[in-house]
1. Scan the range 167-186 and tell me whether some residue there is at pLDDT below 85 and among the hydrophobic types (A, V, I, L, M, F, W, C).
2. Could you list, in sequence order, all residues of the range 281-312 that are of a type in the set (Gly, Ala, Ser) and under 23 Å from the mean Cα position of the chain (by Cα)?
3. Would you confirm whether any residue within the range 130-138 is at pLDDT below 85, of a type outside the set (Phe, Trp, Tyr) and either under 26 Å from ILE369 (Cα atoms) or buried (at least 19 other Cβ atoms within 10 Å of the Cβ) (or both)?
4. Which count do you get for residues in the range 94-113 that are open to solvent by 10 Å² or more (accessible area, probe 1.4 Å) and among the hydrophobic types (A, V, I, L, M, F, W, C)?
5. Could you check the range 175-226 and list, in sequence order, the residues that are polar (S, T, N, Q), farther than 26 Å from PRO164 by Cβ and surrounded by fewer than 17 Cβ atoms within 10 Å (Cβ to Cβ)?
6. Does ALA181 qualify as being over 29 Å from LEU111 (Cα atoms), hydrophobic (A, V, I, L, M, F, W, C) and without any contact (Cβ under 8 Å) to a residue 12 or more places away in the chain?
7. Which of the residues belonging to the range 400-456 are open to solvent by 40 Å² or more (accessible area, probe 1.4 Å) and either touching a strand residue (DSSP E or B) at 6+ places or on another chain (Cβ under 7 Å) or polar (S, T, N, Q) (or both)?
8. May I ask you to verify whether LEU91 is surrounded by fewer than 24 Cβ atoms within 10 Å (Cβ to Cβ), modelled with pLDDT of 90 or more and touching a helix residue (DSSP H, G or I) at 6+ places or on another chain (Cβ under 9 Å)?
Amino acid sequence: MAEENLKRRKGEDRGREDRQSIQSHEPQRMNLQKQANLFLSPFEITYKNIFYFKVGLITGISMIVGTIIGSGIFVTPKSVLASVEAVGPCLTIWAACGVLATLGALCFAELGTMITKSGGEYPYLMEAFGPIPAFLFSWTSLLVTKPTSFAIICLSFAEYASAPFYPGCDPPPVVTKCLAAAAIVVIAIVNSLSVKLGSYLQIFLTAAKMIIVTIIIVSGIVLLAQGKTDNFKDSFQGSKISVSSLSLAFYNGLWAYDGWNQLNYITEELKNPYRNLPLSIIIGIPLVTVCYVLINVSYFTVMTSTELLQSQAVAVTFGDRVLYPASWIVPLFVVLSTLGSANGTCFTAGRLVYVAGREGHVLKILSFISVKHLTPAPAIMFYAAIAIIYIIPGDINSLINYFSFAVWIFYGLTVLALIVMRFTRKELKRPIKVPIIIPVIVTLVAVLLVLAPIISAPELPYLYCTLFILSGLIVYALFIHLKFSWAQKISKPITMHLQMLLEVVPEEEVTE
């Protein structure tokens, strides 16, 4: 009787998913760990049932805040200031980046509630433009943008974690890179074991980083109340404003905001996505924007522009001047902050690999699910391995520029897809519908961000990035469109061996 009730309830859940998922005519499956078997009796609970978990509103907000507030606000203030060379434009850039991130996230909220598939931009590009742009996005994301982001965050973690052991000098590169690689491995293991474990870790680390954010902001407010306003006088004097400098400033500022679209990568695992996706965005991103502006204000209460540019670690310098002798709190909580950002990035980016594998655009095994833990373990492991490769020659500043150029190409293309589907897919249900002017603004800004550095200060890395993206067309033609038989003969035994080794199966087999 219990088994019949369980099957009936699962059937009802799948029926609800059919009504919600308006972009796909495929049979609905148990997509990862969205099902919450809270109705099971103690006799029906199995090892696998324990790990069913839904991502709710609190976890969604934590995922956005925890992913955005990471290494960026502790690494890029120097780069933003160096681009515009004055306090006033610097603070304006930070606020403008927050507004742009919010507008972009609202566009993604419409897309996420209209097309309730995991994978972020991938399913939206597939629906609007077909498989080729979607494949180019997955090709670039899997091999460039997502692992690069993961590598940058973990390198930042390693620098702050090793700094106390090397006072007065920079830690050896081999130390930071080994620490960064270790962080990637640990985070990948945690997220491969359980969605529930990864989510709880995210909430804890988000709480930890909000503590250090609160400490810095409150300290700055107290200093302002004490009259520490000298560095804000004539704040626009001596600024360097040009197309090139503004684009570089926005690149670095938007890197600190990167993560505003992270919930779109786990739409299938959200509880009530029509409500929780937009609410998480509306609450999370403005909260981050206010924090970022106030943190920068706090920095300038104790440091001049010159002192901030000369600082090896801005947050540590702030702690040394304001919190001494308890200044050790700052690097400790910055380490926890970067770990939280890395965990959120891994949690969501692994789903992109999973969705690409499910669509047949990468090895099929990357869409398999762990039998024991019901997580996309192969996808997460693949993502972590690529990130470790980027750490070997990695330099944070060059990686940020390389990342930002590539990612805004597809942000702009995805928001353009929203505009296109307003006319080509009018029949789709849109629980959230933003004014058309918002996606138009975001698309135009994305075009400017991509073209401005190429026109004003052309460099070879931008050409290399463009060529790499376009090389995906060759891969698509040979392995996806033509489907060479020899490639399938090679991949099939590899898939079988890895399947047995990792104990993973296709997701449709998990429901049976």
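The values are calculated or read from the model by the stated rules, or taken from the named source; none is laboratory data. What you are looking at is a predicted structure, and each value in this text was computed from that prediction instead of being measured. FYI the Cβ positions are ideal-geometry reconstructions off the backbone, even for glycines, and counts take in every protein chain you see. Just the protein is used for accessible areas: all its heavy atoms, side chains included, with ligands, DNA and RNA removed. Shrake-Rupley method; radii C 1.70, N 1.55, O 1.52, S 1.80 Å.
1. Checked the range 167-186: at least one residue is at pLDDT below 85 and among the hydrophobic types (A, V, I, L, M, F, W, C).
2. Once the filter is applied, which keeps residues that are of a type in the set (Gly, Ala, Ser) and under 23 Å from the mean Cα position of the chain (by Cα), the range 281-312 yields only GLY284.
3. Yes: one or more hits.
4. Qualifying residue count for the region: 6.
5. Answer for the range 175-226, where residues must be polar (S, T, N, Q), farther than 26 Å from PRO164 by Cβ and surrounded by fewer than 17 Cβ atoms within 10 Å (Cβ to Cβ): just GLN226.
6. Taking the combined requirement at face value, the residue does not satisfy it.
7. ASN401, THR424, SER456, listed by residue number.
8. yes
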